[in-house]
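Right, one structure below, let's go through it.
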Amino acid sequence: MAVERKTVDLSEYPDLVVIYLGMRVRKPRGFVRAFGLGPQIQKSWKEEPDGLLLHEDLLWSLIPVHLGMRQYWRDLDSLERWTRSEPHKIWWRQFMKDSGGTGFWHEAYFMRGGIDAIYGDMSKPTGIARFAPDMPARGALFSARRRAGRSEPLAVEPVIGEAEYYDGSADRSADNVA
C-alpha cells in the first residue's frame, strides 16, 4: 500500500512567519534562568496573543541542555507587537543585560521570502550559524525586520535604538534587538 501523502493550504496565511527559538545552558547558573522562564513562557502563549497561530515546545538536546520552541505567527506585525509588549519585553531586557549563563537564538522564516537569524551569547554556533558566516548585528542588521530583507515600516516602534544600546547611554534594555 502506498503512503498517503498530504499537504496544507496556506492561501489564508500569505504573511505567515515560522520562528524557531532556543536557549542553551552554558553555565551552571543557566539552569535557573532556563527553567525559571519555562512556566512564564507557557503562560504567555496560553494567553493566546493576537496573531499567534500555534506554539510547540522542542528539546534540541539534553547535553548540553538546549530548550526551544517553534511558533507560527499570522504576520510579522503581530510577532513584533508581541515582542515589544510584556512579558517578552521584560525577558529580553533581562537577557540583554545579563544572559544568566545561557545563550539565546532565533531564526524566522517568512512566507513572502526572507530569513531573520540572531544569536546571543551562544558558546557554539547553531542552526544557520553553523554554515553561514556570522557578523555583528549592527546597522542594517540591527533590526529583525531589516535582517529579513523587509523594507516596510515597523508596526511598533522600538523601545531603544541601536546607537543608544551600543554606546551605553541607556540601560541596555535593547527591546528592539530581537
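Calculated accessible area for the chain comes out at 59 Å² per residue, all protein chains present (probe 1.4 Å; ligands, DNA, RNA ignored). Excluding same-chain neighbours fewer than eight residues apart, the lysines reachable from residue 27 by a Cα-Cα span under 25 Å are 89, 97, 124. With the full set of protein chains in place, find how many percent of the accessible area of the chain is carbon and sulfur; take the probe as 1.4 Å. Carbon with sulfur: 55 percent of the solvent-accessible area. Quick check: from the Cα gyration tensor, does the range 1-66 come out rounded (a/c under 1.5), prolate or oblate? Cα axes put the range 1-66 in the oblate bin. Shape class for the range 1-110, computed from the alpha carbon gyration tensor (a ≥ b ≥ c): oblate, with a/c not under 1.5 and a/b at or below b/c. Based on the alpha-carbon gyration tensor of the range 29-178 and its eigenvalue square roots a ≥ b ≥ c, which shape applies: rounded if a/c is under 1.5, prolate if not and a/b is larger than b/c, or oblate? Verdict is rounded for the range 29-178. In this calculation the C-beta distance from residue 115 to residue 7 is compared with R0 = 25 Å, giving a FRET efficiency of 0.70.
The values are calculated or read from the model by the stated rules, or taken from the named source; none is laboratory data. Bear in mind the structure is a predicted one, so any value in this text is a computation, not a measurement. Note that we place each Cβ from the backbone using ideal geometry, even for glycine, and neighbour counts take in every protein chain shown. Note: areas computed on protein heavy atoms with side chains; ligands, DNA, RNA excluded. Shrake-Rupley method; radii C 1.70, N 1.55, O 1.52, S 1.80 Å.
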